[in-house]
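All of the numbers you see were taken from the coordinates with simple rules; none came from a lab. Because the structure is predicted, anything quoted here is derived from the model rather than measured. For neighbour counting, all protein chains shown are included, and Cβ atoms are generated from backbone atoms with ideal geometry for every residue, glycine included.
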Amino acid sequence: MVTSAAAWRLAGRLSCPVLEPGDDGYAADVAGFNQVVEHRPPIVVGVRDAVEVREAVAFGAETGTPIAIQATGHGPSAAAAGAGLLINTRRMAAVAIDPVARVARAEAGTQWHQVVEAAAEHGLAPLNGSSPLVGVVGYTLGGGLALLSRAYGFAADHVTAIDVVTADGRLVNATPEQHTDLFWALRGGKGNFGVVTAIEFGLVPVPRFYGGGLFFPGELTAEVLHAWRLWTASVPEEMSSSLALLRMPDIPPIPEFLRGRLVAHVRIAHLGPVDEAERLVKPLRQTAPTMVDTLAEMPYTRFADIHNDPTFPIPYNERSIMLRELDEKAADDLLSLAGPGSDCTDIVVELRHLGGALSRPPAVPNAVDHRDAAFCLSTLGMPGPSPALVVDGMARWGTGRSYLNFLAGPETAQLAEQGYSPATYARLGEIKRRYDPDNLFRFNHNIPPHAAGS
Ligand SMILES: Cc1cc2nc3c(=O)[nH]c(=O)nc-3n(C[C@H](O)[C@H](O)[C@H](O)COP(=O)(O)OP(=O)(O)OC[C@H]3O[C@@H](n4cnc5c(N)ncnc54)[C@H](O)[C@@H]3O)c2cc1C
């Protein structure tokens, strides 16, 4: 039921849901996966196509109502609460694959499992991350650190076209040939430049795939961490891996062997034949006795079994830091911050191995920095007073930057600058000034509009 005058006016322009607090469906449309941020805006619009996105953005611009965007709620920062308009894109979930051109087109609300399943019918895969439920657009605009990234780079490096509704209500097709500044900024600049209605990106061939995990008891974390970091220096780009220190709560959805204790989890994604993968992981398997070993050849469609990310909504803060290196001293620092006997309370402390194609510039330049980082360290913790203890403690090993996709929680809205080099941040702010001078899109890792050179 639409009651306020503003919502009435907007509902008159749209046939999709326009909801206010108390309406049926309002709670479902404001709810996100990460419950640490609670959107409670006066109006939510459940858009179904690009025309409806245009209407909703035009309404925001005309009435000076700032706009929040949500697909899945995996990466929220500032909440739209008391004021603002939330555009929920979850009803826009069409996927089309062109197997000859090896290109996918995904609408704004698409989740990764949908693209992976559609692409697999043609022996192809996108550069998706660990979770099947994360949104394609939010992930890609933040860079997109994929399971196959060491072989192919960031997901944003493979984007070929973006349809976006800008703050003036125009639907713009940004490509390497047109609206080139906007195309550069969208790929890395996250949700600051408009509402993306669809995105096109290249797919890669995955004829053989091998993955899974090795779980070690927490007491062996030091041995496992040192063995893994030395091992990463020797592996080819087809091998991607991460090491997570897990402190899972003692609750039933969590497998029993993980509950209420520290476990070191090595995650593996390998592109290529099984015998080559088995040869590469042999030294890891020999590090120490495992609790569980799930490494095996698998269809790429089972990628979610590698990290086993949660599939049910929870509240959490997420922080990250890009590391220049992970030598013996850096690893020892991490062990004292997050290893056995530390007072770390984070549920997950994860190191992802970077390098390979991630260290090379993309064919079409974009706003994703971090080509100089060797590892990405991220932490995920329950809401509490000091979410950045571990990443702050590792600052001396960092490049000085965070990975924005691994920042979540209300305090992170003001941390966007940490995600970029000074030159990239300055250019993003200048492009923001041209495309969104009033900072209509501000419920995000916000890049305020600023003049060139300021
Ligand atoms: C369990 C888990 C696993 C993850 N794994 C990885 C991983 O392997 N690699 C990686 O890089 N990241 C990963 N992430 C981080 C994830 O990529 C970010 O949280 C991302 O922002 C999620 O996008 P979303 O649309 O799903 O979330 P939402 O919370 O719905 O959106 C987050 C932000 O994205 C922007 N956005 C979303 N849709 C649009 C749109 N249509 N137009 C403009 N802006 C938009 C907005 O600024 C929005 O605030 C993971 C996160 C979780 C929780």
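Figures for the structure shown
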quantity: Contour minus Cα-Cα distance for Arg208 and Ala96 (0.36 nm per residue); calculated: 38.0 nm
quantity: Candidate aspartates and glutamates for bridging to Lys282, where Cα separation is under 15 Å - those fewer than 8 sequence places away on the same chain excluded; calculated: Asp293, Glu297
quantity: Distance between the range 61-128 and the range 224-255 - C-alpha centres, whole angstrom; calculated: 28
quantity: Histogram of C-alpha separations across the range 209-416, 10 Å bin width, %; calculated: 8, 34, 39, 18, 1
quantity: Convex hull volume per residue for the chain, taking Cα atoms only, in Å³; calculated: 134
quantity: Whole-number D in µm²/s for the range 5-88 (Stokes-Einstein; Kirkwood sum over Cα pairs; 10 °C, 1.306 mPa s); calculated: 126
quantity: Relative contact order (%) - the range 95-205, alpha-carbon pairs under 8 angstrom, separation at least six; calculated: 31
quantity: Where the Cα pairs of the range 292-393 fall when distances are cut into 10 Å bins, in %; calculated: 12, 33, 37, 17, 1
quantity: Nearest 10 degrees, 0 to 90: helix 422-435 Cα axis against the chain principal axis; calculated: 20
quantity: Neighbour net charge for Leu124 - beta-carbon separation under 15 angstrom, K R +1, D E -1; calculated: -1
quantity: Nearest-20 debye value, the chain charge dipole, Cβ charges on Lys, Arg, Asp, Glu; calculated: 480
quantity: Neighbourhood charge, 13 Å Cβ-Cβ cut-off, centred on Ala11 and excluding it, Lys, Arg +1 and Asp, Glu -1; calculated: -2
quantity: Phi-based couplings in Hz for the range 273-278 (Karplus 6.51, -1.76, 1.60; Gly and Pro marked x); calculated: x, 5, 5, 5, 4, 4
quantity: Set of lysines with alpha-carbon distance to Lys190 below 23 Å, sequence-local pairs under 8 removed; calculated: Lys432
quantity: Cβ-based net charge around Pro299, under 13 Å, with every Lys or Arg adding one and every Asp or Glu removing one; calculated: -2
quantity: With eigenvalues of the C-alpha gyration tensor scaled by 5 and rooted, the range 55-138, Å; calculated: 31, 14, 8
quantity: Equivalent ellipsoid, the range 95-205 (semi-axes from 5 times Cα gyration tensor eigenvalues, Å); calculated: 22, 14, 13
